[in-house]
Amino acid sequence: MKNRPEGSLAKIRTSKNDLSGVLETIAAGLSLVFARPYLLIPPLIVDLVTWLGLQISARSLLDPLRQLMIDHGGANGPAAARELEGLSERLRMNDTLAALTPSIFGGLPQDSVLNLLLAIMAPPLTGGIDRTDMYGSWGNGLTDVWDPGSWVSIVGVAVALFAAATVMIVLFRVPIARALRGDGTSNTGLLRECAIAWARLVGLLLIVIIATAMILGPIVVGAGVLVLLGVDLTALFGLALFMFVGLAAIYTLFMLDAIFIGRLGPIGSLKMSFAVVRAYLGPTARFAIASIILATGALQVWSVIVQNTPGVFIALIGNAVLGTGLSIASMMFFQDRSQALAVSVPTRNNHPAKSRWFG
């Protein structure tokens, strides 16, 4: 087995028999966390800011929906209104900052289509801890709850916080990628790579949003027209859409890994993720299932142990360790298999700006 250039933490594997298994890869990711504890800094900062910083209420966004349920929700309207009332008491818009990084408050990171799909299908399983369950009044943080006053303001705040979340995932993932590649510690190179990675990430998000709108738009319009004509195919459309999104979730699983570890542009990252998953569908499915079980299971544990003082800090550190380890393992898994496919992965360690932006 041939070693990588000096300083790298992984090895080049050129055959399927030489690839690490799912559990071995996850164990290696967790081991790197303990070897490089500075990788925990971004998720810990996100959690601390989300917890102790300004608390932003979502009441002004949910109250119009609650009133709509009361006025036009029919027999189930009052029950739905009560659920929305409880949600408005618990939900904090500042959790949007933690949308893309491991967080006990943000829950399962929405850094892949698969995680986003799971969040829609099973919110109690993938959501963060309920602040009302935290010990004493610790869930309130250090500041009062601020209500922006209108749903427009809340949406604007959410967009700004999500933009900050894209910056945080870059600051989280780029150091991991550099550690795996064995890059130098040049601050100039690090900042340049962060800037390029952020631009590619934004480009990928725009592509995903536009593609989703182009696909879902005609489906929704078509289903609406058929309902007006007396043909209700909602269930059939829903099933077809679920199957399509499920396939997309699997085949795009490594698109962020391709951006950060492979230094590929948005289109190139999608192509690379598809190629790796197509060649290693079985191992990819097992890796995804194992990662999801570990991440969601840990969230349930954190929800229980935050009810006492030591548990709050154990949850913060434990979630950062596990989340960082799983992110590292995902990059390792992708990196090994992309190399085994003999697909061109840029390795210009000292000149990331020369790699492709979009291809």
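Can you give the local net charge around Leu65? Use residues other than it whose beta-carbon is closer than 14 angstrom to its beta-carbon, Lys and Arg +1, Asp and Glu -1. Mind showing how you got there, number by number?
Details: positive: Arg59, Arg66, Arg82; negative: Asp63, Asp71, Glu83, Glu85.
For residues surrounding Leu65, the net value is -1.
Which value in deg cm²/dmol, rounded to the nearest 500, describes the helix-derived mean residue ellipticity at 222 nm for the chain, given -39,500 (n - 2.57) per DSSP H run of n ≥ 4 and division by the residue count?
Theoretical 222 nm ellipticity from helices: -22000 deg cm²/dmol.
Over the stretch 61-123, with a single point scatterer placed on each C-alpha, what log10 of the ratio I(q)/I(0) does the Debye formula yield at q = 0.11 1/Å?
-0.35
How long are the semi-axes of the equivalent ellipsoid of the stretch 247-315, taking √(5λ) for every eigenvalue λ of the Cα gyration tensor, in whole Å from largest down? Could you put the intermediate results ahead of the total?
Details: eigenvalues 220, 44, 12 Å².
After diagonalising the Cα gyration tensor, the semi-axes are 33, 15, 8 Å.
Rank the residues Arg66, Arg173 as a footprinting-exposure proxy: fewest other Cβ atoms within 10 Å of their Cβ go first.
Numbers: Arg66 21, Arg173 28.
Ascending number of Cβ neighbours within 10 Å: Arg66, Arg173.
Give the Debye-formula value of log10 I(q)/I(0) at each listed q (0.06, 0.09, 0.12 Å⁻¹), with one equal scatterer per alpha carbon of the chain, two decimals each.
Cα-only, vacuum Debye calculation for the chain: -0.25, -0.55, -0.96.
Work out Dmax and Rg for the stretch 136-222 from the C-alpha atoms and quote the Rg first, both in angstrom.
18.9, 54
State which helices in the chain qualify, where a helix is a whole DSSP H run, it must extend 27 Å or more along its own axis by its Cα atoms, and its mean Kyte-Doolittle hydropathy must be at least -0.5. Show your work: numbers first, answer last.
Details: long enough: 151-181 (44 Å, 1.82); 187-228 (60 Å, 1.90); 281-305 (36 Å, 1.41); 309-340 (47 Å, 0.85).
Taking the DSSP H segments of the chain (at least 27 Å long, mean hydropathy at least -0.5), we get 151-181, 187-228, 281-305, 309-340.
Only the coordinates and a few stated rules stand behind these numbers; no lab work does. Predicted model, so just to flag it, every value in this text is computed and none were measured. Here the Cβ is made from the backbone with ideal geometry for all residues, glycine too, and neighbour counts use every protein chain on show.
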